[in-house]
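Asker: Right, I'll just put the structure down here and ask away after.
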Amino acid sequence: MARRALQLRGLVETVRSGRVPARTLAIADSRSLVRSMFLASAARMELLPYLRGGREFSEIVGFTGSKRPERLVAWLAVGVELGELSLRRFRYDVRGQRARALAAGDQLLLAHYRSMLEYQAGPYGQLETLLRSAGGRDDLARYADDIAKVSLAATPFVASFLRQIVADVHPEVVLDIGCGTGVYSKVILSADMEVRVEGIDLADEVVAFARAELERAGLGARAQLHVGDVRTWAESAATSFDLVLLLNNIYYFEPAGRVAFYRDLGRLLTDRGQLLLVSMVAQGSVAAAHLHFMLTCQGSTAALPAPGEIERDLAEAGYRVMDRQVLVPTEPFVGWRAERR
């Protein structure tokens, strides 16, 4: 009875504070944060695939090389309380839906959670320093592979947009700028058995991955991928292109230089050539605002385009916007199709 009386008094005091709704929401936020941090650390350690089928604690100690088993026990207990792990007959196993997907090797989720502790959370933790400093972070280089894989969440929407345009244009040669993992080069090559693709990306390891993926798909013979900066590469490019793709990457280019960049790309287009852009716009959703904030915290001048900015810049660069489509119904995620005037 005494315990219940104490609990009741605590509840009464909480209600009297007038902040019950806010505190309830804060508790829910905290649980979500703990789940995200747990899964992020598990993804970093590549531990969940190892736990599939059940492992005894001594086995997990050996796998992790833990010198502080009490910390490992405490970490595993967090997973059990979250429902992401189970503990039966002294064996730990994956249980939760997210944990099972990570254990099965879902590359998008693995990249999402791996990037969470530093790339996604880092700018918020460093906000005071970032606001008072002229410098910035180097996440775009440090986490290039994870960033490329996280962007795959939009693949079904962008792929549909691309297939529609390939069917309309019937391009012979396509330039995929910032080709990343090669996912959109693969869409183009699969949509038309005659088309050839050239791709370019700054990151050696990402291009190597893309080459391997296209070879595995039997599409490598019609693809040529380069490592480098497209702005330098374009100066000596000998090929003209029927389509030039800027998919999920215009925000990496300095806003003040985008008009000139579009003009330079126009010189790579054939007479019937078209420029395709896909990008989030800086306003309209939590995801867009979060991405824009992370970009502005980099040492570069990366930033999402503002509403209407793409259209204005393309017009100034001598293009006519032929089509503008919102690709994801719940997000300011837009595709533009333009031709030179």
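The values are calculated or read from the model by the stated rules, or taken from the named source; none is laboratory data. In this text the structure is predicted, and so the values were computed from the model without any measurement. Positions of Cβ are generated from backbone atoms using ideal geometry, with glycine treated the same way; all protein chains shown enter the neighbour counts.
Asker: Of the residues Ala167, Ala111, which single one is under 28 Å from Val187 (Cα atoms), assigned by TED's automatic domain parsing to the domain that holds Val195 and either touching a Gly at 6+ places or on another chain (Cβ under 6 Å) or assigned to a helix (DSSP H, G or I) (or both)?
Answerer: Of the residues listed, the single one that is under 28 Å from Val187 (Cα atoms), assigned by TED's automatic domain parsing to the domain that holds Val195 and either touching a Gly at 6+ places or on another chain (Cβ under 6 Å) or assigned to a helix (DSSP H, G or I) (or both) is Ala167.
Asker: Mind listing just one residue for me: the one in the range 309-330 that is assigned to a loop (DSSP other than H, G, I, E, B) and modelled with pLDDT of 95 or more and, of those, farthest from Asp139 (Cα to Cα)?
Answerer: Once the filter is applied, the top-ranked residue is Gly318.
Asker: Evaluate the following for Leu304: is it hydrophobic (A, V, I, L, M, F, W, C), surrounded by 19 or more Cβ atoms within 10 Å (Cβ to Cβ) and under 23 Å from the mean Cα position of the chain (by Cα)?
Answerer: Details: hydrophobic (A, V, I, L, M, F, W, C): yes; surrounded by 19 or more Cβ atoms within 10 Å (Cβ to Cβ): yes; under 23 Å from the mean Cα position of the chain (by Cα): yes.
Against the criterion (hydrophobic (A, V, I, L, M, F, W, C), surrounded by 19 or more Cβ atoms within 10 Å (Cβ to Cβ) and under 23 Å from the mean Cα position of the chain (by Cα)), Leu304 qualifies.
Asker: Out of all the residues in the range 232-242, is one or more part of a strand (DSSP E or B) and among the charged types (D, E, K, R)?
Answerer: Yes, the conditions are met somewhere in the range 232-242.
Asker: May I ask you to list the residues in the range 21-45 that are of a type outside the set (A, V, I, L, M, F, W, C) and surrounded by 14 or more Cβ atoms within 10 Å (Cβ to Cβ)?
Answerer: Passing the criteria: Arg35, Ser36, Ser41, Arg44.
Asker: Separate question: Show the residue pairs that are 6+ apart or on different chains and have beta-carbon atoms under 6 Å apart, the first residue being within the range 195-223 and in contact (Cβ under 8 Å) with a residue 12 or more places away in the chain and crowded, with 17+ Cβ neighbours inside 10 Å, the second being among the hydroxyl-bearing types (Ser, Thr, Tyr) and in a loop (DSSP other than H, G, I, E, B).
Answerer: Phe209/Thr181; Ala210/Thr181
Asker: Step by step: first the residues of the range 268-295, then only those that are of a type in the set (S, T, N, Q) and surrounded by fewer than 20 Cβ atoms within 10 Å (Cβ to Cβ), then the one that is farthest from Arg337 (Cα to Cα). Which residue is that?
Answerer: My answer is Ser285.
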